[in-house]
1. Can you list the residues of the stretch 294-327 with backbone N under 11 Å from a point 7 Å past the Cα of L82, pointing along Cα to Cβ?
2. Taking the chain as a Gaussian network, Cα atoms linked when under 10 Å apart, which of G37, G311, G353 shows the biggest mean-square fluctuation?
3. For a Förster distance of 56 Å, can you work out the FRET efficiency between the beta-carbons of H36 and S9, rounded to the nearest 0.05?
4. For the chain, modelled as a GNM with alpha-carbon contacts under 10 angstrom, which of F122, F234, F325 fluctuates the most?
5. Mind checking which of T256, T126, T267 has the largest fluctuation in a GNM of the chain, springs on alpha carbons under 10 Å?
6. Can you tell me the order of 98-107, 27-36 when each peptide is scored by its average per-residue count of other Cβ atoms within 10 angstrom, highest first?
7. Given a Förster radius of 56 Å and the C-beta distance between H134 and K95 as r, what FRET efficiency does 1/(1 + (r/R0)^6) yield to the nearest 0.05?
8. Based on alpha-carbon centroids, what's the gap between the stretch 132-185 and the stretch 40-57 in Å, whole number please?
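The values are calculated or read from the model by the stated rules, or taken from the named source; none is laboratory data. A quick note: this is a predicted structure, and the numbers were derived from the prediction, not measured. All Cβ positions, glycine included, derive from the backbone under ideal geometry; neighbour counts span all protein chains shown. Quick note on the areas: whole protein, heavy atoms, side chains included, nothing else; ligands and nucleic acids left out. Shrake-Rupley method; radii C 1.70, N 1.55, O 1.52, S 1.80 Å.
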Amino acid sequence: IRTRKSPRSFFVWWRRISQHHQFPKMSHRKFEHPRHGSLGFLPKKRCVRGKGKVKTFPTDDASKPPHLTAFMGYKAGMTHILRDVDKPGSKAHKKETCECVTMIETPPMVAVGLVGYVRTPFGLRTLKTVWAAHLNEEVKRRFYKNWYKSKKKAFVKYEKSVAEGKSLEKELEVIKKHCCAVRLICHTQVRKVKNLKMKKAHLMEIQINGGDAAAKCDFGYGLFEKQVHVDSVFCKDEMIDLIGITKGHGFEGVVTRWGVTRLPRKTHRGLRKVACIGSWHPARVPYTVARTGQNGYHHRTEVNKKIYKVGLTKDPESYGAATEFDATTKDITPMGGFAHYGVIKNDYLMVKGGVMGPKKRCITLRRSLIPQTNRNAVEEIKLKFIDTSSKFGHGRFQTYDEKLKFYGKTAN
């Protein structure tokens with residue numbers, strides 16, 4: 001017959017057991033069962049803008065020559081590359097690695113304006129805006145909701161006044177004298193990217209860093225109505241930040257939207273729910289409780305993305321997918337084109353990893369806010385192989401010639 005231990009004998013028994021067995025010490029519940037989903041991204045609502053907005057530009061350094069700090073491109077798709085890791089002391093040093101990369105098509109942008117900002121107790125405020133003498137139709141469309149039904153009168157009087165002899169020097173002098181920040185108004189050339197099937201250009205302000213206000217104005221004014229190429233802003237092996245809108249998923253439940261745990265199978269009235277949304281009092285639902293709603297199409301910034309390759313149409317050697325180890329002459333576009341995008345025909349950037357948003361989404365590229373000095377940032381990238389097989393299935397061939405050589409002449 002099993003007798004019940006007295007309280008004193010129980011503690012003696014427990015002390016004797018605990019001396020020989022080490023029980024894991026439980027930490028705070030906050031760490032044992034953390035909340036699902038971050039509250040730092042609230043409210044999870046649809047973004048009003050259709051493109052990424054640069055909310056902070058890199059810190060200005062007057063000792064450097066004037067230069068641009070941002071650019072815009074369009075996400076084309078993904079592929080993978082092979083390279084040798086160059087990290088002395090690492091276990092992966094001099095070993096081959098396979099990494100995924102994203103292709104961003106970056107046709108040249110056109111500078112059409114200049115904005116001067118003055119510093120106030122409440123932040124920066126616009127003082128003067130100067131526009132170019134001529135603007136393309138694709139940027140004028142941005143100022144209308146329905147270009148077809150409009151009278152198309154945007155900038156007509158301004159262009160007429162400039163043609164009659166209105167000087168822009170007086171307005172530029174105001175910016176040089178009073179402004180502390182100067183930004184260049186640039187727009188993309190969407191007509192060069194036939195895959196987008198768009199006629200309305202994307203417009204943005206790009207801050208000019210380096211030099212004093214006068215040097216900034218002269219630099220920006222010198223770019224009026226001229227094309228700005230991506231290689232004048234970014235270079236290979238540079239770390240940049242990407243800003244854009246994520247892929248939209250519509251109205252979603254709490255399991256998908258917040259990652260909460262499903263309830264047991266036999267739960268009444270559904271199991272993909274939050275069991276208790278709060279106590280009786282306070283008599284309201286806390287904002288920290290996971291609820292259903294919009295998932296995706298949010299504004300996000302991803303920092304420290306490394307540029308693996310800069311492809312320029314003016315340099316045929318750097319534009320293709322041939323490398324020192326793979327001398328096959330082939331285009332950077334995979335066989336059959338990028339899925340749901342098509343063929344890249346303009347300048348492009350190859351960026352390590354994934355990028356937010358679906359194909360054809362407008363992506364804003366910004367220089368890193370802080371100079372990067374870690375090993376990943378200073379590592380020199382030497383590509384050995386760039387995959388150009390079809391992305392519509394299990395691609396076997398890198399080029400059409402290779403496929404023809406394997407199959408031979410077919411009936412068709």
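1. In the stretch 294-327, the label zone of L82 (backbone N under 11 Å from the point 7 Å along Cα→Cβ) covers 325-326.
2. Of G37, G311, G353, the most mobile in the Gaussian network model is G37.
3. 0.80
4. The residue that fluctuates most here is F122.
5. Of T256, T126, T267, the most mobile in the Gaussian network model is T267.
6. Highest mean packing first, the order is 98-107, 27-36.
7. 0.55
8. Using only Cα atoms, the two centres lie 27 Å from each other.
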